[in-house]
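Reviewing the structure listed below.
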Protein chains: 4
Amino acid sequence: MKVMDAQLAVTEDDLRQILKDSPFARIYDFRLDFVASGECRLRMPFQEALERPDGIVSGPALMAAADVAMWLAIITRLGKDALTAPTEMATAFLSSARQEDIICAAKVVRLGRSRIYGVAECRNDQGKLIAHHTINYIRRNRG
Amino acid sequence: MKVMDAQLAVTEDDLRQILKDSPFARIYDFRLDFVASGECRLRMPFQEALERPDGIVSGPALMAAADVAMWLAIITRLGKDALTAPTEMATAFLSSARQEDIICAAKVVRLGRSRIYGVAECRNDQGKLIAHHTINYIRRNRG
Amino acid sequence: MKVMDAQLAVTEDDLRQILKDSPFARIYDFRLDFVASGECRLRMPFQEALERPDGIVSGPALMAAADVAMWLAIITRLGKDALTAPTEMATAFLSSARQEDIICAAKVVRLGRSRIYGVAECRNDQGKLIAHHTINYIRRNRG
Amino acid sequence: MKVMDAQLAVTEDDLRQILKDSPFARIYDFRLDFVASGECRLRMPFQEALERPDGIVSGPALMAAADVAMWLAIITRLGKDALTAPTEMATAFLSSARQEDIICAAKVVRLGRSRIYGVAECRNDQGKLIAHHTINYIRRNRG
């Protein structure tokens, strides 16, 4: 993994720990591939458990990658104790991936006081765009 | 499970077999709860593996339920050998579910010659709306 | 117009006045067709100014109808001075309308303390579904 | 207007003629600002007719800009006689614009045999991101 920005609100180890502490994320065995301020790229290694019956990597697996990559991208800006929650996610499934890893890159596009908006892309190792996602979060304030 | 419509293009057992044959769906242990023509309701039993670190059922788990429920809803109309693929999915996360089953009901809203559009809702057992989804599919023709 | 619910936070005349006071809405000459608590149905009369070059009623016209119908549906619950703003809108274009009025029915699905979610449908006079919309709003608090 | 790419499937004049020939687009008085292969940027001059009652440029006006910019971006690739139709559009409203022009830049992200996917951004003249859009089209074949 390459870290581009010394100004992150978390360390690499923090992000890896978050992945470990997330039961639903463990299904996918995500690997941190790149982190910068407001950006995170994850590798989702191929495993048969992600396949549809026709051998294509399932939509829910791609959406899980986008969800987690965006969550970590936000954490690079707001820190690991930030209280945020996704409110909407839209995905366009553009190509099929078969028996191959998925690289998902998420980027915070706008970090507002109450809302966060970002975009994520799932690609294969040849760079083919598999899915494109937009994600909205709200920020919650501590009571 | 209750079947409302004798006119289904598949049997209940077909649908259960499809769930068994789908590697990614096995993660969620979906149970068929209701089937009618163009409709499918699944129960996703609670399991800790679906949780986020804060104990809320994860967004990807809800999206997986919607994806699979819609897929089965389409199959009730087109049969189990239909060639279809999701092209877009949009989800609004409306409430949180904690340590509880999710009931996801999907319905085909429009079945066109080349496109299919449907809506799905995830609720808890008290009927609280947890997430609302819209899903687009394309129909592929055999070569 | 038929009013179903005496419990509206506004009168019909309030809603008509809002339409008149909205510069962008005047383009479409919307007519109130039905109002109930959390629901609003508008008629958008056909006019050539809404057409694409191929004679189909344009997507932006359908989205304007959904935007305004949902806004009025929210106002039936929160009153005309409510501070709200749309945050996301997703539209599926399902059929074409040609030289015909559009009837757009919007309904509040969830009215939360900070967020509002609703669904709208555009149909022609024969009931054919032309477009389906989901809309998110945030509620703003007065300073 | 600046043209970056000699390889366009249309001329600038073709695109301007298309805008003139589109009844619904005339409402917005769009100006071609930039064209390249698979890209189009339009300026939507401020006019009071686009305002909401609170003086903010309306969501439907932003969505119209994105719809038209994407349509022209596709035409730069496929030519002016291409048979295409939008199937979905999702918009995130990120900031407010008041009494100012909107610059909308659309880009084809994937041009497939049967589907087209693109992204559009509405900004003000200071570059503030006002809205972000994703748009799906299908390609129709001549009979």
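Okay, here's what the table says:
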{"quantity": "Environment charge of C:Phe46, counting only residues whose C-beta is closer than 14 Å and scoring Lys/Arg +1, Asp/Glu -1", "calculated": "-1"}
{"quantity": "Cα-centred dipole magnitude for the protein assembly as shown, charges only on beta-carbon of K, R (+1) and D, E (-1), debye, nearest 20", "calculated": "0"}
{"quantity": "Residues in the stretch A:30-78 that, when all protein chains are in place, have 50 Å² or more less accessible area than the chain alone would give (probe 1.4 Å)", "calculated": "A:Arg52, A:Pro53, A:Pro60, A:Met63"}
{"quantity": "Interface A:B - total buried accessible surface [probe 1.4 Å, Å², rounded to 100]", "calculated": "2300"}
{"quantity": "Mean residue ellipticity (222 nm) of chain C, computed from DSSP H runs ≥ 4 via -39,500 (n - 2.57), nearest 500", "calculated": "-7000 deg cm²/dmol"}
{"quantity": "Relative contact order of chain C, pairs being alpha-carbon contacts under 8 Å that are 6 or more residues apart, as %", "calculated": "24"}
{"quantity": "Neighbouring partner chain Cβ atoms per residue of D:126-132, average, 10 Å criterion", "calculated": "2"}
{"quantity": "Cβ neighbours within 10 Å from other chains - mean over B:108-115", "calculated": "3"}
{"quantity": "Spatial separation of Cα centroids for the stretch B:33-106 and the stretch C:1-73, in angstrom", "calculated": "33"}
{"quantity": "Heavy-atom SASA rank of A:Asp33, D:Asp29, A:Asp81 (probe 1.4 Å, accessible area, largest first)", "calculated": "A:Asp81, D:Asp29, A:Asp33"}
{"quantity": "Per-peptide average of other Cβ atoms within 10 Å, ordering B:35-44, B:57-66, B:112-121 highest first", "calculated": "B:57-66, B:35-44, B:112-121"}
{"quantity": "Whole-percent carbon and sulfur share, accessible surface of the stretch D:1-88, 1.4 Å", "calculated": "43"}
{"quantity": "Over 26 Å (Cα to Cα) - which of A:Lys20/A:Lys107; B:Lys80/B:Lys107; B:Lys20/B:Lys107; A:Lys20/B:Lys20; B:Lys107/C:Lys107 fall in this group", "calculated": "A:Lys20/B:Lys20"}
{"quantity": "Cut-off 19 Å (backbone N to label point 7 Å along Cα→Cβ of C:Ser96), residues of the stretch D:66-94", "calculated": "D:67-68, D:71-72, D:74-75, D:78-89"}
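The values are calculated or read from the model by the stated rules, or taken from the named source; none is laboratory data. Since this is a predicted model, take the numbers as computed values, not measurements. Here Cβ is always computed from backbone atoms with ideal geometry, including for glycine, and neighbour counts include all displayed protein chains. What goes into the accessible areas is simple: the full protein's heavy atoms, side chains included, and nothing from ligands, DNA or RNA. Shrake-Rupley method; radii C 1.70, N 1.55, O 1.52, S 1.80 Å.
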